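Presented below is the structure to which this report refers.
The values are calculated or read from the model by the stated rules, or taken from the named source; none is laboratory data. As the structure is a computational prediction, the values presented were derived from the model and not from experiment. Cβ sites come from the backbone with ideal geometry, for glycine too, and all protein chains shown count toward neighbours.
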Amino acid sequence: MGIYLNPGNQQFIKDLNSPIYIDKTEMISCLNSILNTQRMYVSVSRPRRFGKSMAVNMLSAYYGRGADSRELFKDRKLNRHDGWDKYLAAFDVIRLTLTDFIKSYSSMESSLERMQRLIARDIKKAYEKVDYYDLNDIVQTMGDVYADTGRQFVILIDEWDAVFRERKEDKDGQKLYLDFLRSWLKDKPYVALAYMTGILPIKKYGKHSALNMFDEYSMTLPMQLARFTGFTEEEVRELCLEYGRDYDKIKEWYDGYLVSDIIPPDPGYDRQKRLDQPPAQQRYHLYSPLSVVQAVSTGLIRNYWNKTESYEALAEYIRMDYDGLKETVAVLMNGARVKTNLDHFQNDMTSFENRDDVLALLVHLGYLGYDDQTEEIFIPNREILDEFKTSTGTSEWQPVFESFRDSLKLLEATWQQDEKLVAEYLEQAHDKAANMTYNSEAALNYAIRYAYYAAQKYYTILPELDTGKGYADVTFLPSPGFPDHPALVVELKYEQGAQTGLDQIRNRNYPDRLAHYEGNILLVAISYEKGASGNKPGFKHHTCRIQKV
């Protein structure tokens with residue numbers, strides 16, 4: 001055994017000896033099915049303390065030559081699968097933890113050179129008779145071993161993304177690192193499986209990735225590895241029964257990471273039946289493993305998240321000056337789910353272009369849950385809400401929460417069809433937004449949607465809904481969780497009067513598009529009169545008309 005080559009099973013034995021151990025060995029069956037295939041490249045990203053290193057310990061113990069791990073696995077869940085031991089101790093394992101090599105005082109180039117020398121030293125000790133061409137080149141060295149012996153490697157890299165977390169600004173070093181991984185792993189006959197874990201998905205450059213051979217199993221798309229991402233409800237229930245803990249309280253504090261699985265068809269399944277009835281997608285509520293273990297072990301239900309990250313880590317991101325970010329945080333803290341586009345996130349901790357990029361990072365860090373069916377983000381549980389409360393406890397957040405409360409009042413006044421009060425709240429919102437001017441209907445549209453931002457909790461908000469005879473400026477459709485709330489059809493007018501807007505809604509039959517909400521639709525016409533005289537009593541720029549359909 002070496003330090004990096006075939007390090008053995010001692011770390012896995014320690015995991016098994018822990019007072020609480022959740023058996024995730026069935027994950028090995030998934031990986032065995034893709035060994036030496038085009039899908040043998042696996043990148044798993046999860047938040048801190050979600051069992052990433054324990055999974056690497058397990059794989060090292062199973063695949064590693066000379067580990068003698070049969071007794072460790074024979075009574076585990078893996079044993080339920082035929083041929084479970086087919087690849088037991090079948091490969092040379094290289095196991096790396098990248099934080100051991102990424103030092104602040106050395107360049108990325110020297111870090112990679114050191115890593116290659118150390119791996120090569122272990123390989124040379126194990127295979128003394130191989131004719132090595134260049135021991136400073138790990139690609140050549142492993143190729144030499146494979147050429148002489150035919151033996152393949154399983155490569156396990158823990159904290160593979162340390163470069164992007166520890167050296168955030170070193171763009172050249174990051175690119176050098178990605179190019180190295182590509183040349184080391186891609187299309188190399190000596191690789192039987194490459195398995196990487198980290199917090200971040202694989203870094204993109206523009207729309208492309210240097211490691212496009214990897215399948216990514218992330219917090220937004222864990223696929224077949226979904227149930228191995230954290231503790232499942234069934235596993236937590238069993239722990240609570242064993243330790244006599246209150247499951248409902250554990251659920252309130254630590255549940256909430258909602259992920260979807262895609263179950264592959266059984267190999268013996270009828271082909272035509274597969275086409276007619278594709279395999280069902282399973283949904284899992286996942287729990288933070290560290291927090292559950294702490295709570296179950298001690299009986300103390302509290303915030304354990306701050307043992308992995310200080311609140312400043314969250315505060316740093318949510319105070320970023322991106323349009324709508326702070327307002328979205330306020331809505332999320334009020335229990336809302338917010339539709340978000342995560343596709344453009346560049347998978348690092350510095351390349352942010354908009355609100356959604358920051359929110360995408362928070363999903364991968366575990367501060368937000370993500371529902372892949374609705375494309376909505378949410379605060380997953382009470383523990384994480386506690387982190388948000390701590391991170392927003394400073395004076396800079398007071399105006400945000402005041403605006404949020406005003407937005408809720410505006411929404412309530414709309415439901416009550418109080419035209420005068422709606423106009424007053426819109427006027428207040430305009431006064432607070434001193435940096436915004438309503439100099440066009442487009443500007444008015446933006447400002448009104450901003451004033452109603454609290455509605456994200458209850459509605460799906462559609463700008464410019466096609467009604468067949470025109471476009472409704474803003475339409476609010478009740479979310480599935482709030483079906484009793486009225487649908488809102490909002491028409492905006494600039495210097496034309498609210499009644500004009502209401503007439504337009506009626507004349508063009510905008511409500512016809514929402515026939516299934518019949519009897520529970522509010523038509524809302526809002527006008528902004530730039531030249532309204534300030535000499536009149538009750539002077540307002542805004543007027544409002546509301547009618548129920």
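Overview of results
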{"item": "Among (1) out of contact with any Leu (no Cβ under 9 Å at 6 or more places or on another chain); (2) at pLDDT below 95; (3) under 28 Å from residue 149 (Cβ atoms), the one test that residue 71 misses", "result": "(2)"}
{"item": "The one condition in (1) part of a strand (DSSP E or B); (2) at positive phi that residue 187 fails to fulfil", "result": "(1)"}
{"item": "Lone qualifier among 151, 121, 167 - being touching a Ser or Thr at 6+ places or on another chain (Cβ under 9 Å) and of a type in the set (Lys, Arg)", "result": "167"}
{"item": "Qualifying position, being closer than 23 Å to residue 52 by Cβ and touching a residue at least 40 places away in the same chain (Cβ under 8 Å), among 161, 172", "result": "161"}
{"item": "Odd one out for residue 369, checked against (1) in contact (Cβ under 8 Å) with a residue 40 or more places away in the chain; (2) touching a helix residue (DSSP H, G or I) at 6+ places or on another chain (Cβ under 7 Å)", "result": "(2)"}
{"item": "Any chance residue 475 is under 18 Å from residue 517 (Cα atoms), at pLDDT below 90 and over 34 Å from the mean Cα position of the chain (by Cα)", "result": "no"}
{"item": "Residues satisfying the stated conditions in region 37-94, i.e. assigned to a helix (DSSP H, G or I) and of a type in the set (Lys, Arg)", "result": "52, 70, 77, 80"}
{"item": "Subset of region 402-425 [charged (D, E, K, R), closer than 18 Å to residue 543 by Cβ and in a helix (DSSP H, G or I)]", "result": "419, 420, 424"}
{"item": "Selection from region 485-503 of residues that are assigned to a helix (DSSP H, G or I) and more than 21 Å from residue 447 (Cα to Cα)", "result": "503"}
{"item": "Residues satisfying the stated conditions in region 365-398, i.e. of a type in the set (Asp, Glu) and under 18 Å from residue 292 (Cβ atoms)", "result": "383, 386, 387"}
{"item": "3 or more residues in the same structural domain as residue 368 (by TED's automatic domain parsing) and at pLDDT below 95: qualifying helices (runs of 4 or more DSSP H) within region 248-330", "result": "311-318"}
{"item": "Residue count for region 329-353, restricted to those that are under 16 Å from the mean Cα position of the chain (by Cα) and either under 16 Å from residue 450 (Cβ atoms) or among the acidic types (Asp, Glu) (or both)", "result": "4"}
{"item": "Scan of region 109-139 for residues that are exposed (fewer than 15 other Cβ atoms within 10 Å of the Cβ) and among the polar types (S, T, N, Q), ordered by number", "result": "110, 136"}
{"item": "Index of the failed condition, residue 482 passing every other in (1) part of a helix (DSSP H, G or I); (2) modelled with pLDDT of 90 or more", "result": "(1)"}
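One line per residue, one yes/no per condition, for (1) modelled with pLDDT of 95 or more; (2) under 20 Å from residue 314 (Cβ atoms); (3) assigned by TED's automatic domain parsing to the domain that holds residue 314:
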site	(1), (2), (3)
338	no, yes, yes
351	no, yes, yes
379	yes, yes, yes
387	no, yes, yes
392	no, yes, yes
408	no, no, no
